[in-house]
Amino acid sequence: MVKLQKGLVHVYTGNGKGKTTAAVGLGVRAYGRGFKILMIQFLKGADSGEIIALERFSPDLIIKRDKQSSKFTWNMNDEEKDEAKAAAGKLLSQAIIEAKSAKWDMLILDEIFAAISTGFIDKQEVIDFILNKPDKLEVVLTGRNVPEDIIEIADYVSEINSVKHPFDKGINARIGIES
Ligand code: ATP
Ligand code: MG
């Protein structure tokens, strides 16, 4: 650990654009100061530019994610849901083990609130992890619909509100911007 300061807990939530990119930006800033960063992305569909870009930061910044799924959870059949749930549970267990290994200074759990609200991972497990996290570990959580009890235990809570988004005019995800 290069960090001497106590690690705090961040939440990026809300229905506007910028939660994942804020977490990636924070990871890049931390990397610049010599932190070791583990970023876990839950419920990921298509590839996204940050996965490719951040490969250049390996092994001091590593991204792990679910096996790619082309489906949104609400389009999954029961078998696909069970698979996605098992994968998300495995990712969370890995994250907890890695975080406790003292190898990392920052842990980013991207879309963790979506994984909680779909019932793929247990909210209480996440809360217990946060409450018992290594003292110096900085933890960053993102996603819409943050549970109230996670707001209570977080130190930074930023809610990004969508005022306008081109999707509302029918413009789909653009490469390098949304993906
Ligand atoms: P980004 O990854 O661009 O920082 P995000 O993490 O805040 O966005 P998510 O809630 O993870 O956004 O949404 C996933 C996708 O939906 C992203 O491609 C994102 O750009 C896009 N998106 C975000 N906000 C909106 C919105 N208000 N309307 C439509 N699409 C959105
Ligand atoms: Mg996101």
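The values are calculated or read from the model by the stated rules, or taken from the named source; none is laboratory data. A quick note: this is a predicted structure, and the numbers were derived from the prediction, not measured. Every residue, glycine among them, receives a Cβ derived from its backbone with ideal geometry; neighbour counts consider all protein chains shown. All accessible areas refer to the heavy atoms of the entire protein, side chains included, with ligands and DNA or RNA removed. Shrake-Rupley method; radii C 1.70, N 1.55, O 1.52, S 1.80 Å.
Observations, loosely collected:
- Residue-averaged [θ]222 nm for the chain, counting only DSSP H segments that reach four residues, each worth -39500 (n - 2.57): -10500 deg cm²/dmol
- For segment 111-179, the equivalent ellipsoid derived from the Cα gyration tensor has semi-axes of 29, 14, 12 Å, listed largest first.
- Protein accessible area in segment 138-179, 1.4 Å probe - carbon and sulfur %: 49 percent
- GNM flexibility winner over the chain from ASP168, ASP47, ASP155 (Cα, springs under 10 Å): ASP168
- Virtual paramagnetic centre 7 Å along Cα→Cβ of ASP122, amide N under 18 Å, in segment 71-92: 82-92
- Helix 19-32 vs. the chain, principal-axis angle (Cα, 0 to 90°, nearest 10): 30 degrees
- Here the chain is treated as a Stokes sphere of Kirkwood radius computed over C-alpha pairs; at 25 °C and 0.890 mPa s its diffusion coefficient rounds to 147 µm²/s.
- Cut-off 14 Å between beta-carbons: net charge of the residues surrounding ASN161, Lys and Arg +1, Asp and Glu -1: +2
- Each Lys and Arg contributes +1 and each Asp and Glu -1, all at the Cβ; summed about the Cα centre of the chain, the dipole is approximately 640 debye.
- Separation of the alpha carbons by more than 30 angstrom is noted, of LYS90/LYS169; LYS71/LYS103; LYS19/LYS90; LYS36/LYS169; LYS36/LYS71; LYS44/LYS133, for LYS90/LYS169; LYS71/LYS103; LYS36/LYS169; LYS36/LYS71.
- Just checking the listed ones, VAL163, VAL146, VAL28: in the Gaussian network model of the chain with Cα springs under 10 Å, the one fluctuating most is VAL163.
- Probing with 1.4 Å while keeping every protein chain in the model, the per residue accessible area of the chain equals 57 Å².
- Rg to Rh quotient for segment 35-118, alpha carbon positions, Kirkwood Rh: 0.99
- C-alpha long axis of helix 78-100 to longest principal axis of the chain, angle in °: 20 degrees
- For the chain, the relative contact order works out to 39 percent when only alpha carbon pairs closer than 8 Å and six or more residues apart are counted.
- With a Förster radius of 35 Å applied to the beta-carbon distance between SER179 and ASP78, the computed FRET efficiency rounds to 0.80.
- Once both labels are positioned 7 Å from their Cα atoms along Cα-to-Cβ, the gap between LEU8 and LYS164 label points is 3.2 nm.
- Choice from PHE57, PHE72, PHE167 showing the highest fluctuation, given a GNM over the chain with Cα pairs closer than 10 Å: PHE167
- Considering only beta bridges that DSSP places wholly inside segment 1-134, some 0 percent are antiparallel.
- Under 15 Å, Cβ to Cβ, from VAL24 - net charge with Lys/Arg +1 and Asp/Glu -1: -1
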